[in-house]
Structure formats: structure tokens, C-alpha cells
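Data first, discussion second: the structure below is written as C-alpha cells.
The values are calculated or read from the model by the stated rules, or taken from the named source; none is laboratory data. This is a predicted model, so every value here is computed, not measured. Ideal geometry is used to build each Cβ from the backbone, glycine not excepted, and the neighbour counts take in all protein chains shown. Accessible surface areas use protein heavy atoms only, side chains included; no ligands, DNA or RNA. Shrake-Rupley method; radii C 1.70, N 1.55, O 1.52, S 1.80 Å.
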Amino acid sequence: QVQLVESGGGLVQPGGSLRLSCAASGFIFSIYVMGWYRQAPGEQRELVASVTSGGSTNYAESVKGRFTISRDNAKSTVYLQMNSLKPEDTAVYYCKRWGSTRDYWGQGTQVTVSS
């Protein structure tokens, strides 16, 4: 079965960095679009970044120039490198796999940016 397991969240000071990882299993990772969403308390879940099977990337305006999404097909893992973090980046971050019949989500990892 499809599994997406996020890791790498935590507490970081403003201006700091974190790298999130999403380990995938149960499907042919290399052919699917993968991405990261986030949801802050009281807010809707929003797209942060996505990467296609060919490596094309897309970012939310709020994270452009600070976050980088990448994938390692050999490890079936997608990453989100987050630099210059701001308090407004605080949220639960979710890994997502798009699909033709349904989408799949990880359980989420908390990122808190605070001094």
C-alpha cells in the first residue's frame, strides 16, 4: 500500500533552516508528481511546492527564493529545503502524491519558527 512518511520538522529560530524528508513506498515513485503542502492553525491547507517526474518545480509565491524542493528517485524520497524561515512558515507540513484516481498524503510534520 502507498505510504508517505515525513520527517525533519522541529523548532527553529527565525532565519534558520530545516530540511524535510518524505520517504515513499508502495508505488513506482519516479513516475508521480510529488509535493509539499502546509496547514497553519485555523487556515486552509496550501500548496508549498511540487516537483514533476521530470524534475520541473513549482513554488508558492510566499516561499520562492527560500525553499527548494527536490527528489531522489533512487531513494523514493522527496525533500524540502527551507531556508530563511519566518514565523509565518509555522505549520504542519504534509507530503502529497498526486494520482489519476486519488491523491495520497503523509501524516504531517510540525515546523515551528519562533525565537
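Do any strands (runs of 3 or more DSSP E) lying entirely in region 10-115 carry at least 2 residues that are open to solvent by 30 Å² or more (accessible area, probe 1.4 Å) and modelled with pLDDT of 95 or more, and which ones are they? The strands (runs of 3 or more DSSP E) meeting that bar are 18-25, 34-39, 46-51, 57-59, 67-72, 77-82, 91-97, 109-113.
Just one residue in the set 84, 76, 53, 100 is in contact (Cβ under 8 Å) with a residue 24 or more places away in the chain, of a type in the set (Ser, Thr, Tyr) and more than 26 Å from residue 114 (Cα to Cα); that residue is 76.
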